[in-house]
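Contents: one structure, followed by commentary.
The values are calculated or read from the model by the stated rules, or taken from the named source; none is laboratory data. This structure is a prediction, so every number in the text was calculated from the model and none was measured. Cβ placement follows ideal geometry from the backbone for every residue including glycine, while neighbour counts extend to all protein chains displayed. Ligands, DNA and RNA are excluded from the accessible area calculation, which covers all protein heavy atoms including side chains. Shrake-Rupley method; radii C 1.70, N 1.55, O 1.52, S 1.80 Å.
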Amino acid sequence: MARRILTALVGAAVMGIGTHAASAATLDDVKAKGFVQCGVNTGLAGFASPDAAGNWSGFDVDYCKAIAAAVFGDATKVKYTPTSAKERFPALQSGEVDVLARNTTWTINRDTALGFNFRPVNYYDGQGFMVRKGLDVKSALELSGAAVCVQTGTTTELNLADYFKSNNLQYNPVVFEKLEEVNAAYDAGRCDVYTTDQSGLYSLRLTLSKPDDHVILPEIISKEPLGPAVRQGDDQWFDIVTWVHYALIQAEEFGVTQANVEEMKKSTNPDVQRFLGVEADSKIGTDLGLTNEWAVNVIKAVGNYGEIFDRNIGAGSPLKIERGLNALWSKGGIQYAPPVR
């Protein structure tokens, strides 16, 4: 009897493992359907927003395109699922999206209890405050008693409560589920202060009826490491998403750009040859389940990290956000890629 029970338990365990392995093959599923389904913001200038024709662009959108280029050699093989802060996690958990690239903060709860995997931080951010210049406020420490617009279901809401409590300040939270609702409420004067990630404040200020009437305060009250997330249980897909980011960083460090990537394939530098998949016996792609041209395809599609940053949110964009911590490690920032070997 004991032997039959043990045999049954072992058999059930083996079946469970097999089922999990089959359901975990995201790369196979993506290839079978012919596109990457990417969860993005419903509309955040510089990060993810559609134009009048429904064409998406932005920093996070370029990551979606980069993943598609790595898998298919074609950055157009991606579809976008706009998600609110409340909708984004169920969309990833359910398999509605293959990857979440939606200015999402990496936290211990999300990395464990929610069943997600984060690794590369593609934007080091922090929470800030925006106010009307007419309030003549110079510091967040002067905001006691203010009405503060905030989006629910975010780390922003929790950080706001912690900051005001720790500084013995009072405030009135004005809470909304959808980003568009928060924006409209602040623009209409229903609250004195808008709080979210500082990068988001620069973006959202551009959408206000009178952008120049608003100022972003100097305080950063939290650490907000933003980056793509995938479901746990599929190391191959996790590695692909991770190394797409590292390839973008490494390309910038090597000076490989969208314009010169083909020419750089002729480099005599063995590290560059290995990175671009032209080194004899290179396994840069096969180890990931991709072709050895995957990094070249990514760079051809979207450029390197610096190019993505500049055109979407940096000096070449209306946002004019400085690189700061997001500069390369060799240029005063902390963006760093492991060796491609």
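Here are a few things to note about the model shown:
- Residue match in the stretch 264-279 (condition: closer than 26 Å to Asp28 by Cα, among the aromatic types (Phe, Trp, Tyr) and in contact (Cβ under 8 Å) with a residue 12 or more places away in the chain): yes
- Filter result (within 22 Å of Ile334 (Cβ to Cβ) and either touching a strand residue (DSSP E or B) at 6+ places or on another chain (Cβ under 6 Å) or open to solvent by 50 Å² or more (accessible area, probe 1.4 Å) (or both)) within the stretch 270-280: Asp271
- The condition of being under 19 Å from Arg88 (Cβ atoms) and either buried (at least 24 other Cβ atoms within 10 Å of the Cβ) or free of Cβ contacts under 8 Å to residues at least 24 places away in the same chain (or both) holds for Asp60.
- Scanning the stretch 151-162 for residues that are in a helix (DSSP H, G or I), under 14 Å from Asp197 (Cβ atoms) and open to solvent by 20 Å² or more (accessible area, probe 1.4 Å), we see that the one that is modelled with the highest pLDDT is Asn159.
- Residue list for the stretch 281-322, filter: basic (Lys, Arg) and crowded, with 18+ Cβ neighbours inside 10 Å: Arg311
- Residue in the stretch 194-206 that is open to solvent by 40 Å² or more (accessible area, probe 1.4 Å), of a type in the set (D, E, K, R), outside any strand (DSSP E or B) and farther than 27 Å from Tyr63 by Cα present: no
- Cβ-Cβ contacts under 7 Å between residues 6 or more apart (or on different chains), taken from a first residue in the stretch 176-192 that is in contact (Cβ under 8 Å) with a residue 24 or more places away in the chain to a second residue that is assigned to a helix (DSSP H, G or I) and of a type outside the set (S, T, N, Q), are listed as Phe176/Val182; Phe176/Ala185; Asn183/Leu204; Cys191/Ala185; Asp192/Leu135.
- Any pair with Cβ under 6 angstrom, 6 or more apart, that starts in the stretch 289-306 at a residue that is among the aromatic types (Phe, Trp, Tyr) and ends at one that is in a helix (DSSP H, G or I): Trp294/Ala70; Tyr305/Leu248; Tyr305/Ile249; Tyr305/Glu252
- Subset of the stretch 93-150 that is β-branched (Val, Ile, Thr) and surrounded by fewer than 16 Cβ atoms within 10 Å (Cβ to Cβ) - its residue that is farthest from Trp237 (Cα to Cα): Ile108
- Every residue from the stretch 208-235 that is farther than 22 Å from Tyr80 by Cα and either β-branched (Val, Ile, Thr) or not in a loop (DSSP other than H, G, I, E, B) (or both): Pro211, Asp212, Asp213, His214, Val215, Ile216, Ile220, Ile221, Glu224, Pro225, Asp235
- When the stretch 45-57 is limited to residues that are over 19 Å from Phe35 (Cα atoms) and without any contact (Cβ under 8 Å) to a residue 60 or more places away in the chain, the one that is most open to solvent (accessible area, probe 1.4 Å) turns out to be Ala52.
- Output for the stretch 73-89, where each listed residue is open to solvent by 10 Å² or more (accessible area, probe 1.4 Å) and in a loop (DSSP other than H, G, I, E, B): Gly73, Asp74, Ala75, Thr76, Lys77, Lys86, Glu87
- Only listed residue being within 20 Å of Thr154 (Cβ to Cβ) and at pLDDT 95 or above, chosen from Ala68, Ala91: Ala91
- Candidate set from the stretch 232-249 (those that are in contact (Cβ under 8 Å) with a residue 40 or more places away in the chain and over 18 Å from the mean Cα position of the chain (by Cα)); member that is surrounded by the fewest Cβ atoms within 10 Å (Cβ to Cβ): Gly233
- Filter result (without any contact (Cβ under 8 Å) to a residue 24 or more places away in the chain, within 20 Å of the chain's Cα centre (by Cα) and within 15 Å of Ala247 (Cβ to Cβ)) within the stretch 307-341: none
- Among residues of the stretch 323-337 being open to solvent by 40 Å² or more (accessible area, probe 1.4 Å) and in a loop (DSSP other than H, G, I, E, B), the one that is farthest from Asp271 (Cα to Cα) is Arg323.
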